[in-house]
1. Residue by residue through segment 53-63, what is 3J(HN,Hα) from phi via Karplus (6.51 cos²θ - 1.76 cosθ + 1.60, θ = phi - 60°)? Round to whole Hz and write x for glycine and proline.
2. Take Gln114 and Leu40, extend 7 Å from each Cα along the Cα→Cβ direction, and tell me the distance between the two endpoints in nm.
3. If you take the charge dipole of the chain about its Cα centre, with +1 on Lys and Arg Cβ and -1 on Asp and Glu Cβ, which of Val102, Leu119, Gln52 is farthest toward its positive end?
4. From a point 7 Å beyond the Cα of Gln52 in the direction of its Cβ, which residues of segment 102-118 have a backbone N at a distance under 20 Å?
5. Charges only on Cβ, +1 for Lys and Arg, -1 for Asp and Glu: so what's the dipole of segment 1-50 about the Cα centre, in debye to the nearest 20?
6. Using the 2.2 N^0.38 Å rule of thumb for compact globular proteins, work out how segment 59-139 stacks up: its C-alpha Rg over that value, please.
7. Net charge near Asp63, counting Lys/Arg +1 and Asp/Glu -1 over other residues with Cβ under 10 Å of its Cβ?
8. Quick one: among Thr28, Thr112, Thr97, which has the greatest mean-square fluctuation in a GNM of the chain with alpha-carbon springs under 10 angstrom?
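We did not get these values from a lab; they are worked out from the coordinates using the rules stated. Everything numeric here is computed off the predicted structure, so don't read it as measured data. We place every Cβ from the backbone using ideal geometry, glycine too, and count neighbours over all the protein chains shown.
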Amino acid sequence: MNAVDLRTQLVGTWRLVSYETRSIATGTVWHPLGEDACGLLLYTEDGYMSAQLMAADPSPFVDGDLHQADHNELAAAARGYIAYAGPFEVSPDGRLTHHMTVSLFPNWLGQTQQRIVSLDGRRLQLATADPIVVRGEKSATKLVWERT
């Protein structure tokens, strides 16, 4: 698929179906946010993307005030959430690149990450092009999304 076609097909809103990582050393599969994780992935016509993933059924903060929550509440909420957004591009050879302008995980700020893309009807599969560290192990990550 050429870059223009891929970019056109990405634009829109996608709902998370599954999110898993696989240890490169052992092949062990893990679901970082649980098997019932939920999320949204948005690609806009003007070249921006946003990924929001979370564990299902997070615990509400006791006093209901985001800015007054205690450290344990904030840590639990962050542990169960992945969020980043920024420009995206599709290269002429069909490689998808996400540029992290904002991110809940500070280490990703300013990073560029490539994704391996597979489109099949209403399903979009994105995999990390390079290994990432999960639970201290180099891992490959695969996310499956469904067009809303």
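1. Using θ = phi - 60°, the values come out as 10, 8, 5, 5, 6, x, 6, x, 6, 4, 9 Hz.
2. 3.1
3. Selected residue: Leu119.
4. 102-106, 108-109
5. That gives a dipole near 100 debye.
6. Rounded to two decimals, the normalised Rg is 1.41.
7. Here the count lands on -3.
8. It is Thr28.
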